[in-house]
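One structure below.
Read-outs throughout are calculated quantities, based only on the coordinates presented, and are distinct from any laboratory measurement. Since we're looking at a predicted model, the values are computed, not measured. FYI the Cβ positions are ideal-geometry reconstructions off the backbone, even for glycines, and counts take in every protein chain you see.
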Amino acid sequence: MMLALAGTPVHADDIVTYETEGDAPVAATDARGAAVDDAFARAVQSALAEIVAPEVRTANKGLIDREIIGHARLWIPRFSVTKDDTNEDRRQLTVSVRLDRDKLRARLDELKIATKGEGGDAGPTGATDASVQKTVTILLRTRSSKGSFASYGKGADRDTLGLAGLTALMRSYGMAVRRAPETGNVGEGDFPISDAEADGVAEAAKADFIAIAGVTVGDAAPVRGKPDDAVLVTAHLRLVDRKAHQILGQGTAIDAAPADDHKYAIERALGAAAADVLPPQPTKLAQAGAFVGDDTPLAEPGIVLVRLSSKTPYTMVTAEQRYLAGAKGVRAASLRRLSPSGWVIGVTTAESIERIAQIAKKPPATETSSSVKIVGSVVEVVLSGAGL
């Protein structure tokens, strides 16, 4: 729902375009305005996801909701409604939102909410200090039947399809993106500019790295089983270390899309090509939370529940299970679950809970003792001895 389509790849003038959807009840006093505000909030949430780490957003959720998302219009200098529909009782809009991320960062700084790059993850060179942050300029050309557009050269198109996604990707690796100058020739090959000429363009942009990308949207062709024609989108991407004059990586990817709507396929193809150029970002897993609450197992007809401490070694748990399963009057004993309160064994029997407690008093192994008590409908067993 929140997809970056195009943006200006400049850290010093960081205005990015997002296409978002918003809706509101038709019965609202100003349904269209409420739907626009909903789209603004979604765009701001998308921008926050790119510039603020997940754990920071979680820790400051209340402040962010109140001071940032609650004032979404402050960060949006321009917008346009590209689609306006009414679906039953909802007014639904698609809105192209231009969002000033520099202004957003400034407000986050006032609120003392850290953004990425402020002591965050190191980039490809391991640098976290902004004073030594590596820079990159993106030389992208997108070619289709509608013409050829480039992010650099004479008459550079700052909204070239695919530029915003590529810019966000480079920033996620800790690199500051420098605006490509309006110099350099735009070629028609897989890569729109040679490495030698790109070096001069990047030098003018004062960038350490050069990302050279060429996207070609093929001719429309019929697809079996589909009512509409489709196109193939091919992306080539090369990353060059300008100072070392070294190619760091090169990738190619192909995606398919409807002939009349291939903008998202361009993003996907460039992202897939980048996977061959840059290593995937490590996935950070949040710390698992401990269960809090009542986890007493529920009684079942014909089942007597026996619980051991969660610190009981698994080998002793299975020994107790086998011992109970072989006792007189017991048809079966199965391990039911492990919870913070302990291991639970379900004993299938026609005997009373008191009889099962008597059986459980005998330890399942030598050099081990067993103490038993009945708590509600559960037999609590504590094993002690060697290895426990």
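Can you bin segment 148-284 into rounded, prolate or oblate? Criterion: square roots of the alpha carbon gyration tensor eigenvalues sorted a ≥ b ≥ c, rounded for a/c under 1.5, prolate for a/b above b/c, oblate for the rest. Prolate.
Aspartates and glutamates within cross-link reach of K361: Cα-Cα under 13 Å, excluding same-chain residues under 8 positions apart? Output for K361: E320, E380.
Which pairs break 27 Å Cα to Cα here: K112/K134; K61/K311; K263/K284; K154/K206; K112/K206?
Among K112/K134; K61/K311; K263/K284; K154/K206; K112/K206, the Cα-Cα distance tops 27 Å for K61/K311; K263/K284; K112/K206.
The Cα atoms of the chain give a gyration tensor whose axes a ≥ b ≥ c have a/c of 1.5 or more with a/b greater than b/c, which makes the shape prolate.
Using 1/(1 + (r/R0)^6) with R0 = 30 angstrom and r between the beta carbons of A28 and A106, what's the FRET efficiency to the nearest 0.05? Please list the in-between numbers first.
Values: r = 32 Å, r/R0 = 1.08.
Given R0 = 30 Å and the Cβ-Cβ separation, E is 0.40.
Against the chain, whose longest principal axis is taken from its Cα atoms, helix 163-172 shows a tilt of about 50°. Over the chain, DSSP H runs of length four or greater, each weighted -39,500 (n - 2.57), average out per residue to a 222 nm ellipticity of -7500 deg cm²/dmol.
As a proxy for reagent exposure, ranking F40, F149 by other Cβ atoms within 10 Å from fewest up yields F149, F40.
Taking the C-alpha atoms only, the angle from helix 101-110 to the longest principal axis of the chain is near 50 degrees. Angle of helix 31-51 to the longest C-alpha principal axis of the chain, folded into 0 to 90 degrees and rounded to 10: 80°. Nearest 0.05, what FRET efficiency do K61 and A275 give at R0 = 35 Å with Cβ-Cβ as r? The pair K61/A275 has a calculated efficiency of 0.65. What FRET efficiency would be calculated for the residue pair D260, R337, taking the C-beta separation as r and a Förster radius of 51 Å, to the nearest 0.05? FRET efficiency, D260 to R337: 0.40.
Once backbone amide H atoms are built at 1.01 Å from N, R179 has H11 as its partners under 5 Å, excluding neighbours fewer than 5 places away on the same chain.
In summary, the aspartates and glutamates within cross-link reach of K226, defined as a Cα separation below 17 angstrom excluding same-chain residues under 8 places away, comprise D255, D260, D261.
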